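Student: Below is a structure I'd like to ask you about.
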Amino acid sequence: MLFVLSVGGSIVAPKEGIDVAFLAGFKKLIEKHVRRGARFVIIVGGGSTCRQYQQAARDVGTVLSDDLDWLGIHATRLNGHLLRTIFRRLAHPVMIKDPTRPLGRWHEPVLIAAGWKPGWSTDYVAMRLAKRLKAETVINLTNVDYVYDKDPRAHADAKPIREIDWPAFRKMVGDAWDPGMHVPFDPIASRLAQQAKKRVVMINGRNLENLDRFLSGKTFTGTVVG
């Protein structure tokens, strides 16, 4: 059992600060499924840390898109090192930054990865790793229960989407990647997922009981794309 998890950075590092309670619960959950024989590739985003640095750069002056991307990439790597430290006993000792290179002697049950280079979101890194490792599904941990037909924070009548195919989903997110953009899943990663015939499951990462149900093959709350 191999699970590829793309963990939204806003779950690990929201604007209030690093969510230690989430990390403790997430660690217990992963350890539980490792004992059952599962292996995990965990790719983490930059979260509030990323956006704070990007906004600071914008506030000081004009910045290039590549520079904003690099700030985000280093934020993902900081979060990645935090996860690798937390999972030290279970994780491969080297955090993956370049998903195109050989994975080396990965025998441990957990592999941590982060951002690589401008133009590559952590969602895209997750999808590239899923394709290499022949994983059929990427689990995208977000901070909402579903993908909605419109932003639920701005529209009270937003409706949850439980299943959607790739053409319809890609109409929602567009075709271009922009550093720090707010979409359920990166447009470039979505295009690769459609081409590779992969499935993406969007789950609220803060609901660890729900994630446990999915990992256990039970009924869960979330959106299935594919």
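Student: Quick check: residue separation of THR85 and LYS134 times 0.36 nm, minus the Cα distance between them. What number comes out in nm? Please list the in-between numbers first.
Tutor: Numbers: separation 49, 0.36 × 49 = 17.64 nm, distance 2.67 nm.
That works out to 15.0 nm of additional length.
Student: Tell me, what ³J(HN,Hα) does each residue in the stretch 47-59 have, in order and in whole Hz, if you take phi through Karplus 6.51 cos²θ - 1.76 cosθ + 1.60 with θ = phi - 60° and put x for Gly and Pro?
Tutor: x, 5, 4, 4, 5, 5, 5, 5, 5, 4, 5, 5, 5
Student: With the chain treated as a Gaussian network of Cα nodes joined by springs under 10 Å, which of HIS81, HIS92, HIS155 yields the largest mean-square fluctuation?
Tutor: For the chain, modelled as a Gaussian network with Cα springs under 10 Å, the answer is HIS155.
Student: For the stretch 13-83, evaluate the Debye formula with one uniform point scatterer on each Cα (no solvent term) and list log10 I(q)/I(0) at q = 0.27 Å⁻¹, rounded to two decimals.
Tutor: Rounded to two decimals, the profile gives -1.18.
Student: Give me ARG191, ARG51 sorted ascending by neighbouring Cβ count inside 10 Å, so fewest comes first.
Tutor: On the way: ARG191 17, ARG51 21.
Arranged by neighbour count, lowest to highest, ARG191, ARG51 become ARG191, ARG51.
Student: Please list 3J(HN,Hα) in residue order for the stretch 212-219, calculated via the Karplus relation 6.51 cos²θ - 1.76 cosθ + 1.60 where θ = phi - 60°; whole Hz, with x for glycine and proline.
Tutor: 4, 4, 5, 4, 8, x, 9, 4
Student: What ranking do SER6, SER48 get, fewest neighbouring Cβ atoms within 10 angstrom at the top? If you can, show how the numbers build up before the last one.
Tutor: Details: SER6 30, SER48 17.
Sorted ascending by nearby Cβ count, the order is SER48, SER6.
Student: Another one. Throw me the Rg/Rh for the chain, computed over C-alpha atoms with Kirkwood Rh, two decimals.
Tutor: Numbers: Rg = 16.6 Å, Rh = 17.7 Å.
Using Cα coordinates only, the ratio equals 0.94.
Student: Which value, in debye to the nearest 20, gives the size of the charge dipole of the stretch 116-226 about its Cα centre, when Lys and Arg are +1 and Asp and Glu are -1 at the Cβ?
Tutor: Numbers: 18 positive and 13 negative charges, 95 e Å.
For this selection, approximately 460 debye.
Student: Now, a different point. Could you list LEU71, LEU211, LEU192 in order of exposure, starting from the residue whose Cβ has the fewest other Cβ atoms within 10 Å?
Tutor: Working: LEU71 22, LEU211 26, LEU192 17.
Ordered by Cβ neighbours within 10 Å, fewest first: LEU192, LEU71, LEU211.
Student: A further question follows. Quickly rank 160-167, 137-144, 105-112, 28-35 as a protection proxy: mean count of other C-beta atoms within 10 Å, highest first. Show your work: numbers first, answer last.
Tutor: Working: 160-167: 13.8, 137-144: 22.0, 105-112: 18.0, 28-35: 15.2.
Answer by packing, highest mean first, reads 137-144, 105-112, 28-35, 160-167.
Student: Could you tell me the largest-minus-smallest coordinate of the C-alpha atoms of the stretch 96-226 on each of the three principal axes, in descending order and whole angstroms?
Tutor: Ordered largest first, the stretch 96-226 gives principal extents of 49, 35, 24 Å.
Student: Average projected area of the Cα convex hull of the stretch 91-151, in nm²?
Tutor: Numbers: hull surface 22.9 nm².
Result: a mean projected hull area of 5.7 nm².
Student: If you take the beta carbon distance between LEU208 and GLN52 as r and set R0 to 22 Å, what does 1/(1 + (r/R0)^6) give as a FRET efficiency, to the nearest 0.05? Walk me through the numbers on the way to the answer.
Tutor: Numbers: r = 26 Å, r/R0 = 1.18.
Efficiency, from the Cβ-Cβ distance: 0.25.
Student: Same structure, new question: What dipole magnitude, in Debye to the nearest 20, does the chain give about its Cα centre under +1 on Lys/Arg Cβ and -1 on Asp/Glu Cβ?
Tutor: In debye, rounded to 20, the chain gives about 1020.
Student: From the cross-link list LYS15/LYS134; LYS27/LYS97; LYS27/LYS218; LYS28/LYS197; LYS198/LYS218, which pairs have alpha carbons spaced over 25 Å apart? All intermediate terms of the calculation are to be shown ahead of the outcome.
Tutor: Numbers: LYS15/LYS134 35 Å; LYS27/LYS97 21 Å; LYS27/LYS218 20 Å; LYS28/LYS197 32 Å; LYS198/LYS218 20 Å.
From the list (LYS15/LYS134; LYS27/LYS97; LYS27/LYS218; LYS28/LYS197; LYS198/LYS218), the Cα-Cα distance tops 25 Å for LYS15/LYS134; LYS28/LYS197.
Student: Spelling out what I want: for every residue of the stretch 65-82, take phi, set θ = phi - 60°, compute 6.51 cos²θ - 1.76 cosθ + 1.60 (Karplus), and round to whole Hz; glycine and proline get x.
Tutor: 4, 4, 5, 5, 4, 5, 4, x, 4, 5, 5, 5, 5, 5, 5, x, 5, 4
Student: Calculate, for ALA176 and LYS197, the FRET efficiency according to 1/(1 + (r/R0)^6) with r their C-beta to C-beta distance and R0 22 Å; round to the nearest 0.05. Could you put the intermediate results ahead of the total?
Tutor: Working: r = 23 Å, r/R0 = 1.03.
Rounded to the nearest 0.05, the efficiency is 0.45.
Student: Also, quick follow-up: Using every alpha carbon pair in the stretch 9-142, what percent of pairs falls into each 10 Å bin from 0 up to the bin containing the largest distance?
Tutor: 12, 42, 34, 10, 2, 0
Student: Add -39500 (n - 2.57) for each DSSP H run of 4 or more in the chain, then divide by its residues: what number comes out at 222 nm, to the nearest 500 deg cm²/dmol?
Tutor: Values: 8 runs with 93 residues, N = 226.
Mean residue ellipticity, 222 nm, calculated: -12500 deg cm²/dmol.
Student: Could I have the simple spin-label model distance between LYS32 and VAL20, label points 7 Å from Cα toward Cβ, reported in nm to one decimal?
Tutor: It is 2.2 nm.
We did not get these values from a lab; they are worked out from the coordinates using the rules stated. These numbers were taken from a predicted model, which means no experiment stands behind them. Virtual Cβ from ideal backbone geometry, glycine too; neighbours counted across all protein chains shown.
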